[in-house]
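The values are calculated or read from the model by the stated rules, or taken from the named source; none is laboratory data. From a predicted model like this one, the values you see are computed outputs, not experimental measurements. Neighbour counts are summed over all protein chains in view; Cβ atoms, including those assigned to glycine, are modelled from backbone coordinates with ideal geometry. Areas reflect the complete protein model, heavy atoms only, side chains present, ligands, DNA and RNA absent. Shrake-Rupley method; radii C 1.70, N 1.55, O 1.52, S 1.80 Å.
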Amino acid sequence: MNEGFETLAIHAGQEADPHTGAVVPPIYAVSTYKQDGVGGLRAGYEYSRSANPTRTALEECLAAVEGGARGLAFASGLAAEDTLLRTVCAPGDHVLIPDDAYGGTFRLFAKVLERWGVSYEPVSIGDVDAVRAAVRPETKVIWVETPTNPLLGIADIAGLASVAHDAGALLAVDNTFASPYLQQPIGLGADVVIHSTTKYAGGHSDVVGGALVAASAELGERLAYHQNAMGAVAGPFDAWLTLRGLKTLAVRMERHCDNAERVVELLASHPKVTQVLYPGLPEHPGHEVAAKQMRRFGGMVSFRVAGGEQAAVEVCNQAKLFTLGESLGGVESLIEHPGRMTHASAAGSPLEVPADLVRLSVGIETADDLLADLSRALG
Ligand SMILES: Cc1ncc(COP(=O)(O)O)c(C=O)c1O
């Protein structure tokens, strides 16, 4: 299909219902399907762990908006990650991971996959040469987030794709922070894209979900086999909510970016802020790469507060319109202290985050109200 992003997000995988003409795919709350004689499946559906029509609509839409061959929807982002890693890795394999990544992703490697015999090594993924130097013969996957959570680091997707492919490894890109509207890693050479659809894809803080989009049909087929074999699928209602979220992703992301730019402007000139981390800032070390591979710079902003941990915690506690809470990517603005909240599981590891760091998920409320709240919280 040659349609634009917005058209795909609204229509891909979503023909009007053939029986009723309903323009939105129904929630197929069903576990099994009547067969016309043994093995006589009416539309390919036999059992909803293997496939469900609402989930199929979401999976086709995800593949279309990411420009991949096959999309798969899971019960959470971490379920998607686990399924991917246990599909493409075997005990004895090695994975390079960012030295700045979502704490739950780090925990999956450190506490689950390592026991299963897959080793990992944190590396500075913003430095293509450092990644190339860290590759070993047994490296199966180079795993990146870009931008990273929570330090907003940037990885050069095209550069890392060639490092991975030279080494016979896969490049997996967690595209949660950017969303497919701002960045499409498969077009830059990634083999597979991961999403916590809980975030921008769903967009309304009302559903937990995950996705994988494979660049090739062959990898898609292997992942689909494991999705069914491991069983961590998205339920039909969750799939429907995510599908509804995707329809407005483009307009939401534009407003997230507009508001984030205003917030960055305020923070950059505030005397209590020692550093603003946002790839849209020309002084950000990944700015040039981000400008090349992203449409805009996103709605996530982190900053460091003068006065250390206690001062950062105090800013989080004082904010009102910015709701104190984990997660990100919803229409409502959120504030959090990564060291004590989302990234507490990385404490004492190479992925530990600075204690004076505050992370914002800038929502789509009236920008002036957000600025007033932040100014007040900073004191
Ligand atoms: C970048 C990133 N990847 C993956 C995940 C995990 O997703 P989920 O919470 O849906 O399991 C998160 C969750 O915060 C995340 O921020």
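Checking the structure you have, find out if any residue of region 128-141 is in a loop (DSSP other than H, G, I, E, B), within 16 Å of the ligand (Cβ to nearest atom) and either under 16 Å from VAL95 (Cβ atoms) or of a type outside the set (Ser, Thr, Tyr) (or both).
Looking through region 128-141, none of the residues is in a loop (DSSP other than H, G, I, E, B), within 16 Å of the ligand (Cβ to nearest atom) and either under 16 Å from VAL95 (Cβ atoms) or of a type outside the set (Ser, Thr, Tyr) (or both).
Looking only at region 307-332, which residues are under 25 Å from GLY209 (Cα atoms) and either within 16 Å of the ligand (Cβ to nearest atom) or open to solvent by 30 Å² or more (accessible area, probe 1.4 Å) (or both)?
THR323, LEU324, GLY325, GLU326, SER327, LEU328, GLY329, GLY330, VAL331, GLU332
What is the number of the single condition among (1) open to solvent by 40 Å² or more (accessible area, probe 1.4 Å); (2) within 16 Å of the ligand (Cβ to nearest atom); (3) part of a helix (DSSP H, G or I) that ALA110 does not meet?
(1)
Please state which one of TYR225, TYR181 is crowded, with 21+ Cβ neighbours inside 10 Å, among the aromatic types (Phe, Trp, Tyr) and not in a strand (DSSP E or B).
Sole residue among the options that is crowded, with 21+ Cβ neighbours inside 10 Å, among the aromatic types (Phe, Trp, Tyr) and not in a strand (DSSP E or B): TYR181.
Among ALA190, ALA211, ALA155, ALA201, which is the only one that is within 16 Å of the ligand (Cβ to nearest atom), of a type in the set (A, V, I, L, M, F, W, C) and assigned to a strand (DSSP E or B)?
So the residue among ALA190, ALA211, ALA155, ALA201 that is within 16 Å of the ligand (Cβ to nearest atom), of a type in the set (A, V, I, L, M, F, W, C) and assigned to a strand (DSSP E or B) is ALA211.
Between residues in region 70-86 that are near the ligand (Cβ under 10 Å from one of its atoms) and residues that are modelled with pLDDT under 95 and in a helix (DSSP H, G or I), which pairs lie under 6 Å by C-beta distance while being six or more apart or on different chains?
Here the result reads LEU78/GLY104, each pair linking region 70-86 to a residue that is modelled with pLDDT under 95 and in a helix (DSSP H, G or I).
Regarding ALA167, is this residue touching a Pro at 6+ places or on another chain (Cβ under 9 Å), open to solvent by 10 Å² or more (accessible area, probe 1.4 Å) and among the aliphatic types (A, V, I, L, M)?
In short, yes.
Which one of these does SER269 not meet: (1) open to solvent by 10 Å² or more (accessible area, probe 1.4 Å); (2) in contact with an Asp or Glu (Cβ under 8 Å, 6 or more places away or on another chain)?
SER269 satisfies all of (1) open to solvent by 10 Å² or more (accessible area, probe 1.4 Å); (2) in contact with an Asp or Glu (Cβ under 8 Å, 6 or more places away or on another chain) except (2).
Criterion first (of a type in the set (A, V, I, L, M), over 19 Å from ARG222 (Cα atoms) and either under 19 Å from the mean Cα position of the chain (by Cα) or surrounded by 19 or more Cβ atoms within 10 Å (Cβ to Cβ) (or both)) does ALA75 satisfy it?
No.
Looking only at region 256-276, decide whether some residue is among the acidic types (Asp, Glu) and closer than 24 Å to THR54 by Cα.
no
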